[in-house]
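No lab work stands behind these numbers, since they all come straight from the coordinates. Remember, it's a predicted structure, so these values are computed and weren't measured experimentally. Neighbour counts are summed over all protein chains in view; Cβ atoms, including those assigned to glycine, are modelled from backbone coordinates with ideal geometry.
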Amino acid sequence: MADVFNVTKRSEIMSRIRSAGTTPERQLYILVRETLGARWRIDLNTRALPGQPDVFIPSLRLVLFADGCFYHGCPRHGHQPKSNRKYWLPKLARNQKRDLANRKALRAMGCRVWAFWEHELRGKELEKTRKKIIRRIAELVKKKRLSTATPPLKSARRQSSP
């Protein structure tokens, strides 16, 4: 199937597709900020990390991605394009391969990696995702507090010798 737009128009359309600051990324950031509050540092699109994560919480070593259903191959909404398949099929396969490599590298650096599909950050699924994020971040914060808490004092009682 031939493209309905000429090369110039298609180029103009494609140039408007952003790689950062997308609606799903902003929604993910809002959910995380609402969960943690203002006292936590939250970085956006951290270039120093593999895959330039959409959201990074350094103190929790938590990396979050908002993956677009089309570009990252969502099993529910990802689809194979009908036009220019020679270009798109290898591109989408490279995206998925790169995602796996970046997430593996992040885990090797000691980060936790969470990924959310674009459809999980809008509409009816947003509330379910909000609850999931609240629960999982609360678990991480609790673990962090327990691991940094001072150990209890040892008992002053003398132990009898055998």
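Overview of results
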quantity	calculated
Whichever lysines have a C-alpha closer than 25 Å to that of Lys124, once near sequence neighbours (fewer than 8 apart) are set aside	Lys132
Once exposed loop chymotrypsin sites (Phe, Trp or Tyr not before Pro) are cut out (DSSP; at most 16 other Cβ, 10 Å), longest piece of the chain	41-162
Under Karplus coefficients 6.51, -1.76 and 1.60, residue-wise ³J(HN,Hα) of the range 81-91 in Hz, glycine/proline x	x, 8, 10, 6, 4, 4, 8, 6, 4, x, 4
Degrees separating the helix 23-36 axis from the principal Cα axis of the chain, which is the longest one	10 degrees
Charge-dipole axis of the chain as Lys and Arg at +1 and Asp and Glu at -1 on Cβ define it, positive-most pick from Gly37, Gly51, Phe65	Gly37
Length-normalised contact order for the range 69-130 - Cα pairs under 8 Å, 6+ apart - percent	26 percent
Projected label distance in nm at Arg94 and Leu44, using a 7 Å step from Cα toward the beta-carbon	2.8 nm
Computed label-point distance, nm, for sites Thr22 and Thr8 using a 7 Å Cα→Cβ extension	2.9 nm
Simple spin-label estimate for Lys86 and Glu127 in nanometres, 7 Å along Cα-Cβ	4.9 nm
With Cα atoms, 0 to 90° folded angle of helix 125-148 axis to the chain main axis	30 degrees
Whole-Å semi-axes of the ellipsoid equivalent to the chain (Cα gyration tensor, √5λ, descending)	43, 17, 14
Over the chain: helical MRE at 222 nm, DSSP H runs n ≥ 4 each giving -39500 (n - 2.57), nearest 500	-15000 deg cm²/dmol
